[in-house]
Amino acid sequence: MGRPRQALKCSGHRTDGEKCQAYAINGGKVCAAHGGRAPQMKATAALNVAERKAEGLLAGITDFEPVTDPLTELQRVAGRAVRLVEVLEPVVAELKRIRYESQAEQVDGRMVVYERALDRAGKILADMARLNIEERLARVGEAQARQINHVIRGVAAEIGLAVTEEAVRQAVARHIRMVATGERRPAPLALEAQR
C-alpha cells in the first residue's frame, strides 16, 4: 500500500496550457513534475501536513478545562516556552553548519525550530512584563488573604472567641509558610475565649 495521497489536483498547467491532471504532493498544491520535488516545496508541504495533524488532534479534544486563572496559566506557558528553548539549545549547539546546500541554500530545520521557540518565549515574557503579572498576582494573593482574614474573624466571633485582626494575619501568614515549605505540624493559634 502506497503513501496516503490528498485528493487535491495539481495547480500547475501542462505545456499545452491545459490544467495538470496529476495529484499534488501531500501537503502541497503542485505535483512532483510542477515543483513538488523542490526542497523548499517539500519543507512547506511537510509543515502543512504537520499543521493539519495538529488541527485534527485539537479538534478531537473536548474534555478541556476552562482557564479560570489566566495570570497563573500565562506563567505556566512561559515556563514551558523557556524550557523548550533550553531543550533545543544543545541540539542547535551540535550543528556543524546552520545552513546546508541542495538546489537552493536552506536553513537547517532544527535551527528554524529553535528560532521560533526563542521568538515565542521572548514574546510571552514581554507580554508578562507588559502586563506586570507578578504585581497582579501579588494583589490577587493579598485580596485572598483579606478574605481569609475576614472569614476567620467572622467564624471566631460567631463561636465566641475574641480574635484581633493582627492575630489572624499572623496565623494566616504562618500557615501559608507551612504550606509553601511542606511543613505538616500545625502551629497553635492563641485565642482568648470571650467572657
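The values are calculated or read from the model by the stated rules, or taken from the named source; none is laboratory data. Model, not experiment: these values are computed from the prediction. Note that each Cβ is placed from the backbone with ideal geometry, even for glycine, and that neighbours are counted across all protein chains shown.
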What number of residues in segment 14-24 are free of Cβ contacts under 8 Å to residues at least 12 places away in the same chain and of a type outside the set (D, E, K, R)? 2
Being surrounded by 12 or more Cβ atoms within 10 Å (Cβ to Cβ), outside any helix (DSSP H, G or I) and without any contact (Cβ under 8 Å) to a residue 12 or more places away in the chain is the filter here; which residues of segment 143-163 pass it? none
If we scan segment 11-24, do we find a residue that is under 34 Å from the mean Cα position of the chain (by Cα) and assigned to a loop (DSSP other than H, G, I, E, B)? yes
Take residue 97 and decide whether it is charged (D, E, K, R), within 30 Å of residue 32 (Cβ to Cβ) and either at pLDDT 85 or above or in a loop (DSSP other than H, G, I, E, B) (or both). yes
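Results for (1) surrounded by 12 or more Cβ atoms within 10 Å (Cβ to Cβ); (2) modelled with pLDDT under 85; (3) closer than 30 Å to residue 165 by Cβ, shown as yes or no for each residue.
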site	(1), (2), (3)
64	no, yes, no
74	yes, no, no
78	yes, no, no
112	yes, yes, no
125	yes, no, no
135	no, yes, yes
141	no, yes, yes
Qualifying positions in segment 27-71 - assigned to a helix (DSSP H, G or I), closer than 15 Å to residue 128 by Cβ and out of contact with any helix residue (DSSP H, G or I) (no Cβ under 7 Å at 6 or more places or on another chain): 70
Kindly provide the set of residues from segment 16-46 that are closer than 22 Å to residue 109 by Cα and polar (S, T, N, Q), ordered by number. 26, 40, 44
May I ask you to list pairs of residues, at least six apart or on different chains, whose Cβ atoms are under 9 Å apart, with the first in segment 169-184 being closer than 15 Å to residue 146 by Cα and the second being aromatic (Phe, Trp, Tyr)? none
